[in-house]
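Working notes, structure below.
The values are calculated or read from the model by the stated rules, or taken from the named source; none is laboratory data. Note that the structure is predicted; figures quoted are calculated from it, not measured. With ideal geometry, Cβ positions are generated from the backbone for all residues, glycine too; neighbour counts draw on all protein chains shown. The accessibility values were calculated without ligands, DNA or RNA, using every heavy atom of the protein model including side chains. Shrake-Rupley method; radii C 1.70, N 1.55, O 1.52, S 1.80 Å.
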Amino acid sequence: MAIDRASNPRARPTLPLRAAIAECLELVIAGGFSLDRALEQYRPRLGDPREQGFLQECVYGVLRHVFSLRARLADVLERPLRSRETLLECLLLAGIYQLREMACPAHAVVNESVAACQLLDRGWAKGLVNAVLRNTERRGQALQAGADEGPEAQWDHPQWLIGKLAKAWPDDWQALLMAANARPPLSLRVNALRVTRDDYLAQLLAAGIQASGVSAAPQAVVLAQAMPVRELPGFAEGLCSVQDLAAQLAAPLLAPRAGHRVLDACAAPGGKTMHLLELTAGQIDLLALDINDTRLGAIRESVTRLGLACAIRQGDAGDPGSWWDGLPFDRILLDAPCSGSGVIRRHPDIKLHRRPEDLAALAHTQRRLLDQLWPTLAAGGHMLYATCSVLPAENEHLVREFCAAQTDCEVLPIEVSWGRATGHGRQILTGEERMDGFFYSLLRKRSDG
Ligand SMILES: C[S@@+](CC[C@H](N)C(=O)[O-])C[C@H]1O[C@@H](n2cnc3c(N)ncnc32)[C@H](O)[C@@H]1O
């Protein structure tokens, strides 16, 4: 399997582009690696930054369109590939994607994919790769599958997820799925402690970078085109951070004030932690907790880059006895682990890795975290429950059941222009106002409970 190749010390240190793409894709599709981890392994194996950019674009694109690409591959294969030929399948899916969506010269795609066969120990498949890609080119068929090819190929999502979304959002599921297949915008959060949004927009303009503000999120800027963040004006000096628009709604909803004790219970990699500190000029007593110590490293880096400070601690939010000092929190942000169904456009590997049976386990964890953290909230305090999911089982249904079991919990209305009220919170569906799919529920602990 590709996993062995990737962790194999004998593996070639550098690779030709098409072979790197096929191996990287196989790590995700057959090896179960996250897209981020697979790219981390393969980017350094391409010397040229342009090739690294091509790898990224192609791998993201293939995963976004993996179901329709498989339908196109089936059209041109005389008989299906053997199931263990995942590496060959990846080489072919990538080739078809390059022909259909990346406007690459056909001769380069065909010749280099055929040449990659040898390197990938698939010399026997040269003729097959040549025939499949030449046929694809000759047919000139669009990538998009029709309804007659089945829902997975038509919507480029797994059937179980299409079914759940169609049931939950009968008027919106098609737009939601199309948005989940589109490239997301690159949005930034301007550091309110260092610069105003208008001043930063002016700096971007002066640097020749097109961008605009967004009314729903006061520190947010959306770039007209993605670019390497290190090239943004003042990025290294902490003038801005990368954060989706919907994620920028959390800190203002929690509305911490100077002197508050605040818990960010599932904090890593720290986007919302930093926003909380920026909005309060660091005048809150903030604990950033996460179960994953490696991911906490990103918070340590961000506080340094942005010149901020907070307590950072590894711990299980569902076991407060192991980290809580017994002093209640005025504000708690529970940005719970979830299916990620609202951020598939940023993490298309979720389509392949998430299984329907994961949802029950996730809901169990989400409920455990709510139950265990609630006693740590002060009377009169606020807890913001958030997920980047568009599935009611992790959102509205979960919070409704939690509230029914409490005597001292009140749902606060979220009166805003974005999203839709669900009863116990507010749901944003992927793509609405250019946002990721997110759910927010704001809970208050009554003192008379
Ligand atoms: C949605 S991410 C949080 C994103 C983060 N709030 C941000 O804005 O950058 C969920 C996080 O929950 C963490 N997590 C999962 N289970 C946890 C638990 N039992 N206790 C604490 N953290 C947990 C994961 O490690 C992951 O970093």
Point to revise | Inter-label distance, nm, simple model (7 Å from Cα along the C-beta direction), E149/E410 | key: 5.4 nm
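For the pair D316 and R230, what calculated FRET efficiency results from E = 1/(1 + (r/R0)^6), where r is the Cβ-Cβ distance and R0 = 30 Å, to the nearest 0.05? Working shown, then result.
Numbers: r = 34 Å, r/R0 = 1.15.
According to the calculation, E is roughly 0.30.
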Check your understanding: Roughly how many percent of the accessible protein surface of region 307-396 is carbon and sulfur, given a 1.4 Å probe and a whole-percent answer?
Key -> 54 percent
Study note, to complete from the structure: Dividing the surface of the Cα convex hull of the chain by four yields a projected area in nm² of 22.6 nm²
Check your understanding: What lysines could a cross-link reach from K272, if we take a straight Cα to Cα line under 29 Å and drop same-chain neighbours fewer than 8 places away?
Key -> K164, K351, K445
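Counting Lys and Arg as +1 and Asp and Glu as -1, each charge on the Cβ, what is the dipole of region 277-379 about the Cα centre in debye, to the nearest 20?
Approximately 460 debye in magnitude.
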Review point. Based on the mean of other beta carbon atoms within 10 Å per residue, what is the order of 274-281, 34-41, most packed first?
Key: 274-281, 34-41
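State the extension gain, in nm to one decimal, for the chain segment bounded by R355 and A106, taking 0.36 nm per residue of separation less the distance between their alpha-carbons.
86.0 nm
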Review point. Among V390, L201, S34, whose Cα lies farthest out toward the positive end of the dipole of the chain, if unit charges sit on the beta carbon of Lys, Arg (+1) and Asp, Glu (-1)?
Key: S34
Point to revise | Label-point separation, E237 to A175 (7 Å along Cα→Cβ), nm | key: 4.1 nm
Study note, to complete from the structure: With every protein chain kept in place and a 1.4 Å probe, the chain has an accessible area per residue in Å² of 43 Å²
Check your understanding: In nanometres, what is the gap between the two model label sites at A142 and D121, each 7 Å from Cα along Cα-to-Cβ?
Key -> 4.1 nm
**Study point:** Given charges at Cβ of Lys, Arg, Asp, Glu: region 246-445 dipole, positive-most of I312, H353, L412
**Key:** H353
Exercise for review: Using only Cα atoms, locate the centre of region 131-182 and the centre of region 383-449, then give the distance between them in Å, rounded to an integer.
Suggested key: 30 Å
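Note down the magnitude of the dipole of region 2-145 about its Cα centre, charges +1 on Lys and Arg C-beta and -1 on Asp and Glu C-beta and zero elsewhere, to the nearest 20 debye.
Here region 2-145 has a charge dipole of around 260 debye.
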Practice item. Rounded to whole Hz and in sequence order, give me ³J(HN,Hα) for region 415-429 from the Karplus expression 6.51 cos²θ - 1.76 cosθ + 1.60, θ = phi - 60°, writing x for Gly and Pro. Key: 9, 9, 8, 8, x, 9, 6, 10, x, 10, x, 9, 10, 9, 8
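What is the dipole size for the chain, taken about its Cα centre, with +1 at each Lys and Arg Cβ and -1 at each Asp and Glu Cβ, in debye to the nearest 20?
So the magnitude is around 840 debye.
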Check your understanding: Considering the dipole of the chain built from charges on the beta carbon (Lys and Arg +1, Asp and Glu -1) around the Cα centre, which of L133, L333, P269 is farthest to its positive end?
Key -> L133
